[in-house]
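*Asks:* Quick one: this structure, given as structure tokens, is what I'll be asking you about.
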Amino acid sequence: MQSLVDAVFYWSDLFGTAVFAFSGVLVAGRLRMDGFGVIVLAAVTAIGGGTIRDLIIGAEQVFWVADPTYLWVILATALLGQYIARLPRRLPWYILPLADAFGLALFTVIGTEKALAHGTSGMVAVVMGVITGVAGGMIRDVLAREVPMVLQREIYATACILGGILYTGTLALGVTPLLATLAGMLGTFVLRVAAIRWHLSLPAFSLGR
Amino acid sequence: MQSLVDAVFYWSDLFGTAVFAFSGVLVAGRLRMDGFGVIVLAAVTAIGGGTIRDLIIGAEQVFWVADPTYLWVILATALLGQYIARLPRRLPWYILPLADAFGLALFTVIGTEKALAHGTSGMVAVVMGVITGVAGGMIRDVLAREVPMVLQREIYATACILGGILYTGTLALGVTPLLATLAGMLGTFVLRVAAIRWHLSLPAFSLGR
Amino acid sequence: MQSLVDAVFYWSDLFGTAVFAFSGVLVAGRLRMDGFGVIVLAAVTAIGGGTIRDLIIGAEQVFWVADPTYLWVILATALLGQYIARLPRRLPWYILPLADAFGLALFTVIGTEKALAHGTSGMVAVVMGVITGVAGGMIRDVLAREVPMVLQREIYATACILGGILYTGTLALGVTPLLATLAGMLGTFVLRVAAIRWHLSLPAFSLGR
């Protein structure tokens, strides 16, 4: 049973990696990058956040150094993604945002969990969940010379904060790790999808210029 | 006595964290970021430099993972700062630059000291002081899509270099750590304040374009 | 004999550091940075990639913390380079690209080798070679507020990939480390020089905007 749960999470993690990598492929295509640029943007988007997390919490090994499967998934996504992105549109428009929301939910909880497993406080663990979820996309946007969208647009990182608090909080209340994981993921996923569906956004803080 | 000195430094460190975080809040306000963007810019400005320092010198734990108080100070500054920044101006104009110069002086010496405590050479320690003082502001500017001001404007990082050399040098000459700290902080603070007061700047190196 | 080979590599490494630092000096000059900005751009270009590599593979110490000679080379290059860059042109145009290609080849193989020595898989080692070769230049370009040229222009990172694969592959086939090093360096160098000479570039991946 546990090994089944582990397998589901591992494959979901690889799926989330591919979805995040594909968002890097799309940005690279808008900027007319070459094949190497596509791979770099796919990679920083998919594993940038988790890498920063692993360095800061002092993991024994960065996760993709320990298991290069992530790199192969990114390489395959970068190569196949260039063709898929040029196909005449066949998928309904909401598939990609839904997949991205799923990846965000999963990455957030994975990051929060890994931080707690390394003995951090709950506050730090929530921050690590957010970093895992959004830092890769921020680096992608900086490389593309854009102000990271996550700092300006609709609710995205806020969904990570909610998910991380739900995971940490329910765990502290004594529920099983699996239930806490589902609660954290559901919180992130539902808030993110609601933000997309009803165009929710946080108010901007403006000081004029 | 030592515990009093330690307490003074710890509270000064938190004060410097708040001042640096507030400079991130101001940049976020100019860019019309949302609440999450305000927190991110406050955080990278306040703890970005120290985080890079701790990773490079191989500290056992990044300082804010070991003590999440820094994160709470940043969160409070990001929330309160949005209101304070919009208040009709009441403080004299020079308060914020003075507070920033104080934070810069403290961060520089803390960074230099921590590097030496990890056994680095004096050269590396001075570099770590500079990184602690200016790297956070550089990341803030990159996220705001600006060429980091510290690379172009008046004397800022140079004040860190002076402070780091004074700290390392006086310590090597055999003065007590407290005196070396005061010498290093004073060097950074005075040079920085003088640069603000008399608009001192380094000559630009220009190759045309 | 081994100590001679080691000495040749060490001095070559310092030479590559100076060449990469000089490319940072040139970018700083185009942006009219001050003296500190020149040093920072020289430093991130020369040691940025190796620093990220050492953090990710979990080296005991970042290489320039262990041996500050690299910092002195960068400091000297930043100071002397400002004068050299303003001299009326005397060197043939191809000297600098050739020196850069040599530095790229050396950095790539050093990065790949160090990763393998830390027990990574071949895939991760090749990635580390690429990071060592190109990440510093990418940070330089981000600080200069440009889309990193390596993501858009002619074959540069691709030469690192080839060199890393040649080094890892020949080593796996049982040749001596020295021969593998020469194979990897030659692959990177020849492909890079050919790309410069015949203006080779990868096709751009464009999705419109």
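The values are calculated or read from the model by the stated rules, or taken from the named source; none is laboratory data. Bear in mind the structure is a predicted one, so any value in this text is a computation, not a measurement. Positions of Cβ are generated from backbone atoms using ideal geometry, with glycine treated the same way; all protein chains shown enter the neighbour counts. The area values use the complete protein model at the heavy-atom level, side chains included, leaving out ligands, DNA and RNA. Shrake-Rupley method; radii C 1.70, N 1.55, O 1.52, S 1.80 Å.
*Asks:* Does region C:6-24 include one or more residues that are among the aromatic types (Phe, Trp, Tyr) and open to solvent by less than 30 Å² (accessible area, probe 1.4 Å)?
*Replies:* Let us first name the residues in region C:6-24 that are among the aromatic types (Phe, Trp, Tyr), namely C:9-11, C:15, C:20, C:22.
Next cut, open to solvent by less than 30 Å² (accessible area, probe 1.4 Å) only: C:20.
Yes, some residue in region C:6-24 is among the aromatic types (Phe, Trp, Tyr) and open to solvent by less than 30 Å² (accessible area, probe 1.4 Å).
*Asks:* Could you list all residues from region A:99-115 that are of a type outside the set (Gly, Ala, Ser) and either crowded, with 24+ Cβ neighbours inside 10 Å or under 18 Å from residue A:150 (Cβ atoms) (or both)? I'd like the intermediate steps shown before the answer.
*Replies:* Within region A:99-115, the subset of a type outside the set (Gly, Ala, Ser) is A:100, A:102, A:104, A:106-110, A:112-114.
Hits for region A:99-115 are A:100, A:102, A:104, A:106, A:107, A:108, A:109, A:110, A:112.
*Asks:* Go through (1) in contact (Cβ under 8 Å) with a residue 60 or more places away in the chain; (2) within 11 Å of chain A (Cβ to nearest Cβ); (3) in contact with a Pro (Cβ under 9 Å, 6 or more places away or on another chain) for residue C:144 and report which single condition fails.
*Replies:* All conditions pass for residue C:144, except number (3).
*Asks:* Would you please list the contacts, defined by Cβ atoms under 9 Å and residues six or more apart or on different chains, that run from a residue in region C:12-25 that is of a type in the set (Asp, Glu) to a residue that is open to solvent by 20 Å² or more (accessible area, probe 1.4 Å)?
*Replies:* C:13/C:110
*Asks:* Within region B:121-149, can you find the residues that are of a type in the set (S, T, N, Q) and either farther than 28 Å from residue B:166 by Cα or not in a helix (DSSP H, G or I) (or both)? Break it down stepwise before answering.
*Replies:* Kept after step one, since they are of a type in the set (S, T, N, Q), are these residues of region B:121-149: B:121, B:132.
Listed by number, the list holds a single entry, B:121.
*Asks:* Could you check region A:171-209 and list, in sequence order, the residues that are of a type in the set (Val, Ile, Thr) and touching a residue at least 24 places away in the same chain (Cβ under 8 Å)? Can you show your working first?
*Replies:* Of all residues in region A:171-209, those of a type in the set (Val, Ile, Thr) come to A:175-176, A:181, A:188, A:190, A:193, A:196.
Those that are of a type in the set (Val, Ile, Thr) and touching a residue at least 24 places away in the same chain (Cβ under 8 Å): A:181, A:188, A:193, A:196.
*Asks:* When you scan region C:96-120, how many residues do you find that are without any contact (Cβ under 8 Å) to a residue 60 or more places away in the chain and in a helix (DSSP H, G or I)? Steps first, please.
*Replies:* If we filter region C:96-120 for residues that are without any contact (Cβ under 8 Å) to a residue 60 or more places away in the chain, which is where we start, we get C:116-117, C:119.
When the remaining residues are screened for being in a helix (DSSP H, G or I), the result is C:116-117.
Final tally of qualifying residues: 2.
*Asks:* Would you confirm whether any residue within region A:172-187 is within 14 Å of another protein chain (Cβ to nearest Cβ), more than 19 Å from residue A:47 (Cβ to Cβ) and either in a helix (DSSP H, G or I) or touching a Leu at 6+ places or on another chain (Cβ under 7 Å) (or both)? Even if it seems obvious, please write down each step before you answer.
*Replies:* Step one: list which residues in region A:172-187 are within 14 Å of another protein chain (Cβ to nearest Cβ), which gives none.
The answer is no; no qualifying residue exists.
*Asks:* Next question, about the same structure. Residues being of a type in the set (D, E, K, R), open to solvent by less than 60 Å² (accessible area, probe 1.4 Å) and over 30 Å from residue C:3 (Cβ atoms): count how many of those fall in region C:157-209.
*Replies:* Quick first cut of region C:157-209, residues of a type in the set (D, E, K, R) only: C:192, C:197, C:209.
So of that shortlist, the ones also open to solvent by less than 60 Å² (accessible area, probe 1.4 Å) come out as C:192.
Right, trim to over 30 Å from residue C:3 (Cβ atoms) and you get none.
Matching residues across region C:157-209 total 0.
*Asks:* Now a separate question. In the set A:120, A:132, which member is modelled with pLDDT of 95 or more, open to solvent by less than 40 Å² (accessible area, probe 1.4 Å) and within 14 Å of another protein chain (Cβ to nearest Cβ)?
*Replies:* Values: A:132 fails: within 14 Å of another protein chain (Cβ to nearest Cβ).
Unique residue meeting the criteria: A:120.
*Asks:* Out of C:52, C:39, report the one residue that is free of Cβ contacts under 8 Å to residues at least 60 places away in the same chain and either assigned to a helix (DSSP H, G or I) or touching a helix residue (DSSP H, G or I) at 6+ places or on another chain (Cβ under 6 Å) (or both). Working first, answer last.
*Replies:* Details: C:52 fails: free of Cβ contacts under 8 Å to residues at least 60 places away in the same chain.
Result: C:39 is the single residue among C:52, C:39 that is free of Cβ contacts under 8 Å to residues at least 60 places away in the same chain and either assigned to a helix (DSSP H, G or I) or touching a helix residue (DSSP H, G or I) at 6+ places or on another chain (Cβ under 6 Å) (or both).
*Asks:* With the requirement that a residue be out of contact with any Gly (no Cβ under 9 Å at 6 or more places or on another chain) and either among the β-branched types (Val, Ile, Thr) or open to solvent by less than 20 Å² (accessible area, probe 1.4 Å) (or both), what does region B:75-90 give you?
*Replies:* Residues of region B:75-90 that are out of contact with any Gly (no Cβ under 9 Å at 6 or more places or on another chain), as a first pass: B:75-76, B:80, B:83-84, B:87-90.
The answer is B:84, and nothing else.
*Asks:* Moving on. Got a sec? Which of B:44, B:73, B:38 is of a type in the set (Val, Ile, Thr) and facing chain A (nearest Cβ under 7 Å)? Before you say what the answer is, go through the steps one by one.
*Replies:* Details: B:44 fails: facing chain A (nearest Cβ under 7 Å); B:73 fails: facing chain A (nearest Cβ under 7 Å).
None of the others qualify; the one that does is B:38.
*Asks:* What about residue B:82, is it at the interface with another protein chain (Cβ under 7 Å from one of its Cβ atoms), not in a helix (DSSP H, G or I) and not charged (D, E, K, R)?
*Replies:* Working: at the interface with another protein chain (Cβ under 7 Å from one of its Cβ atoms): yes; not in a helix (DSSP H, G or I): no; not charged (D, E, K, R): yes.
No; evaluated as a whole, the condition is false for this residue.
*Asks:* Turning to a different aspect of this structure: Name the one entry in C:72, C:93 that is in a helix (DSSP H, G or I) and open to solvent by 10 Å² or more (accessible area, probe 1.4 Å). Before you say what the answer is, go through the steps one by one.
*Replies:* Working: C:93 fails: in a helix (DSSP H, G or I).
It is C:72.
*Asks:* Counting only residues that are within 7 Å of chain A (Cβ to nearest Cβ) and surrounded by fewer than 22 Cβ atoms within 10 Å (Cβ to Cβ), how many does region C:147-156 have?
*Replies:* Total satisfying the criteria: 2.
*Asks:* Checking residue C:57 against (1) at the interface with another protein chain (Cβ under 8 Å from one of its Cβ atoms); (2) open to solvent by 30 Å² or more (accessible area, probe 1.4 Å); (3) touching a residue at least 40 places away in the same chain (Cβ under 8 Å): exactly one of these is not met. Which one?
*Replies:* For residue C:57, the exception is condition (2).
*Asks:* Another question, then. Might you let me know whether region A:192-207 holds any residue that is in contact with a Leu (Cβ under 9 Å, 6 or more places away or on another chain), over 11 Å from residue A:104 (Cα atoms), of a type outside the set (Val, Ile, Thr) and away from chain B (no Cβ under 14 Å)?
*Replies:* The answer is yes, given that some residue of region A:192-207 is in contact with a Leu (Cβ under 9 Å, 6 or more places away or on another chain), over 11 Å from residue A:104 (Cα atoms), of a type outside the set (Val, Ile, Thr) and away from chain B (no Cβ under 14 Å).
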